[in-house]
Amino acid sequence: MKSSMKILMVALVLGLTQTSNAQDNMTSKTSDVKFGIKGGINFSNMYTDNVDDENVLTGFNVGFFAKAPITSFIALQPEINFTTKGSELTYNNGFAQGKAKFRMNYIEVPLLLVVNLTKNFNIHGGPYLAYLIDGNVKNDSDVNAFDFENNINNDDFNRFDAGLAGGLGSF
């Protein structure tokens, strides 16, 4: 980790999962692995050494999953997702006031434990690993001379991210 920029992303996946089943049989056998498409929203933040005002940024995620039942109540769900993360910085100093938004795109691979509360509703959570693909920073200020949008230099950030994911789903 670079000492000038530490990234600890805390992403909470709150999307209601929409699935696309590759099977005609909708019964809940423990041997049936189901595949699907997942999408939702996430909330993330970026923590740095020199910034006091860190605001949560809303992003999205979309990807594929496999749900492998262990019992009729519990399943493992590995996923591969494209997800957006970042932070929003609000500033007000002697020169200008405005907002800077850092948006970063990741390929994320969570491994979730799914607990089926009912036949069509579950909660899930577990660890994830992610890899930074690219990102940008956009500044909007009350002084137009300070407005800009640039791609980030990936070398200024940690390419790998890890954390916890959790959410609600219907299946």
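The values are calculated or read from the model by the stated rules, or taken from the named source; none is laboratory data. Since the structure is predicted, the reported quantities are computational estimates derived from the model, not experimental observations. Virtual Cβ from ideal backbone geometry, glycine too; neighbours counted across all protein chains shown.
Which of the following residues is of a type in the set (Ser, Thr, Tyr) and either closer than 25 Å to residue 157 by Cβ or at pLDDT 85 or above (or both): 84, 19?
None of the others qualify; the one that does is 84.
Going residue by residue through the range 91-110, is there one that turns out to be in contact with a Ser or Thr (Cβ under 9 Å, 6 or more places away or on another chain), at pLDDT below 85 and of a type in the set (Gly, Ala, Ser)?
Yes, the range 91-110 contains at least one residue that is in contact with a Ser or Thr (Cβ under 9 Å, 6 or more places away or on another chain), at pLDDT below 85 and of a type in the set (Gly, Ala, Ser).
Given the condition more than 17 Å from residue 37 (Cβ to Cβ), in contact with a helix residue (DSSP H, G or I) (Cβ under 9 Å, 6 or more places away or on another chain) and surrounded by 13 or more Cβ atoms within 10 Å (Cβ to Cβ), answer yes or no: does some residue in the range 80-97 qualify?
Yes; the residues of the range 80-97 include at least one that is more than 17 Å from residue 37 (Cβ to Cβ), in contact with a helix residue (DSSP H, G or I) (Cβ under 9 Å, 6 or more places away or on another chain) and surrounded by 13 or more Cβ atoms within 10 Å (Cβ to Cβ).
Could you list, in sequence order, the residues of the range 142-157 that are surrounded by fewer than 17 Cβ atoms within 10 Å (Cβ to Cβ) and within 16 Å of residue 102 (Cα to Cα)?
Passing the criteria: 146, 147, 148, 149, 150, 151, 152, 153, 154, 155, 156.
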